[in-house]
Amino acid sequence: DQQVKQNSPSLSVQEGRISILNCDYTNSMFDYFLWYKKYPAEGPTFLISISSIKDKNEDGRFTVFLNKSAKHLSLHIVPSQPGDSAVYFCAVLNSNSGYALNFGKGTSLLVTP
Amino acid sequence: DAGITQSPRHKVTETGTPVTLRCHQTENHRYMYWYRQDPGHGLRLIHYSYGVKDTDKGEVSDGYSVSRSKTEDFLLTLESATSSQTSVYFCAINHRASYEQYFGPGTRLTVT
């Protein structure tokens with residue numbers, strides 16, 4: 001059963017506007033969350049993370065929000081740029097498997113000029 | 001750059017043949033991981049290692065084995081490849097100071 005859910009397979013946004021990518025998780029014991037970006041034919045690259053003791057973390061154009069009561073996190077990209085077009089994966093830390101990550105299925109973001 | 005390389009980058013093999021994929025890191029990280037990525041599944045953990053000769057199974061370990069005889073190398077072996085193992089395989093390391101993982105460039109494996 002999927003523990004990390006990204007229910008939107010794709011998202012299209014105009015350049016300069018905000019992109020919002022969503023992620024839901026099932027286990028309230030998860031305490032560390034990450035976002036990765038992936039271009040075709042490359043490995044995923046780390047983007048931003050957040051600990052469960054925070055509800056927001058910001059890094060330049062990227063902000064991650066965590067709503068623990070709803071078991072929901074979101075990634076905001078402002079402003080969106082064409083180079084942001086990629087697949088974005090939400091992940092949670094699995095402390096029971098050597099700090100491995102459980103990933104969602106990904107959301108493909110297309111930023112149009 | 002986390003200093004992770006994977007070899008080969010591409011491989012086509014026939015059903016029933018053994019295949020070994022190699023992950024090499026240059027930064028002496030203790031934890032290493034193998035994931036596979038398939039359409040509609042995201043990335044799924046195959047095996048991981050927490051030190052030399054210390055390994056454990058992940059979510060989709062059936063049909064795979066691993067070995068780690070040196071800190072820098074983590075090998076993934078498909079003893080008898082099947083078409084269901086056609087996938088893109090990623091190796092990752094755990095960054096020393098945090099929980100972030102850094103990934104290699106991937107190996108695209110096709111089993112015909």
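The values are calculated or read from the model by the stated rules, or taken from the named source; none is laboratory data. Just so it is clear, the structure is predicted and the values come from calculations on it, not from any experiment. Backbone-built Cβ (ideal geometry, glycine too); neighbour counts: all protein chains shown. In case anyone asks, the SASA skips ligands and DNA or RNA and just uses the protein heavy atoms, side chains included. Shrake-Rupley method; radii C 1.70, N 1.55, O 1.52, S 1.80 Å.
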**Lysine pairs within chain A, Cα separation less than 23 Å, 8 or more sequence positions apart or different chains** = 21
**Residues listed by number, segment A:1-20, amide nitrogen under 18 Å from A:V78 label point at 7 Å toward C-beta** = A:13-20
**Item:** Label-point separation, B:T26 to A:R17 (7 Å along Cα→Cβ), nm
**Value:** 4.3 nm
**Request:** Run the quick spin-label model on A:S8 and B:T71: label points 7 Å from Cα toward the beta carbon, then report their separation in nm to one decimal.
**Result:** 4.4 nm
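Summarise the accessible area of the protein assembly as shown (1.4 Å probe, protein heavy atoms) by the percent that is carbon and sulfur. Walk me through the numbers on the way to the answer.
Numbers: 5120 of 10760 Å².
Taking all protein chains in place, the protein assembly as shown shows 48 percent carbon and sulfur surface.
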**Fill in**
With every protein chain in place, the accessible area of A:R17 for a 1.4 Å probe, in Å² rounded to the nearest 10, comes to 140 Å²
**Asked** What are the semi-axes of the equivalent ellipsoid for segment A:50-113, taken as the square roots of 5 times the Cα gyration tensor eigenvalues, largest first, in whole Å?
**Response** 24, 16, 10
**Request:** Over the Cα atoms of segment A:3-46, compute the convex hull volume and normalise it per residue, giving Å³.
**Result:** 120 Å³
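Count the net charge of all other residues whose Cβ sits under 13 Å from the Cβ of A:A41, scoring Lys and Arg as +1 and Asp and Glu as -1.
With Lys, Arg at +1 and Asp, Glu at -1, the net is +2.
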**Message:** Interface size between chain B and chain A, please: total buried accessible area, 1.4 Å probe, rounded to the nearest 100 Å².
**Reply:** 1600 Å²
**Request:** Out of all DSSP beta bridges with both ends in chain B, state the antiparallel percent to the nearest 5.
**Result:** 90 percent
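Provide the per residue accessible area, probe 1.4 Å, for chain A, rounded to a whole number of square angstrom.
Working: 5440 Å² over 113 residues.
Solvent-accessible surface per residue comes out at 48 Å².
For segment A:1-83, state which GluC sites (Glu not before Pro) are in a DSSP loop and have at most 16 other beta carbons lying within 10 Å of their beta carbon.
A:E15, A:E42
Arrange the residues B:F74, A:F65 by how much accessible surface each exposes, largest first, with a 1.4 angstrom probe.
Working: B:F74 0, A:F65 75 Å².
Output order, biggest surface exposure first: A:F65, B:F74.
Once the mean 1/r over all distinct Cα pairs of the protein assembly as shown is inverted, what Kirkwood radius in angstroms do you read off? Before the final figure, lay out the partial values.
Values: mean 1/r = 0.0556 Å⁻¹.
Result for the protein assembly as shown, one decimal place: 18.0 Å.
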**Request:** Over segment B:8-112, average the accessible area per residue using a 1.4 Å probe and give it in Å², no decimals.
**Result:** 47 Å²
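Whenever you get a sec, line up B:V52, B:V12 from highest to lowest accessible area (probe 1.4 Å, protein heavy atoms).
Final ranking, largest accessible area leading: B:V12, B:V52.
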**Request:** Pull up the cross-link candidates among the aspartates and glutamates for B:K53, meaning alpha carbon to alpha carbon under 17 Å and not fewer than 8 places away within one chain.
**Result:** B:E72, B:D73
**Centroid-to-centroid separation of segment A:40-72 and segment B:79-112 [C-alpha atoms, Å]** = 23 Å
**Item:** Cα-based Rg and Dmax for segment B:4-111, where Dmax is the largest Cα-Cα distance (Å)
**Value:** 12.9, 41
**Item:** Label-point separation, B:H95 to B:T82 (7 Å along Cα→Cβ), nm
**Value:** 3.7 nm
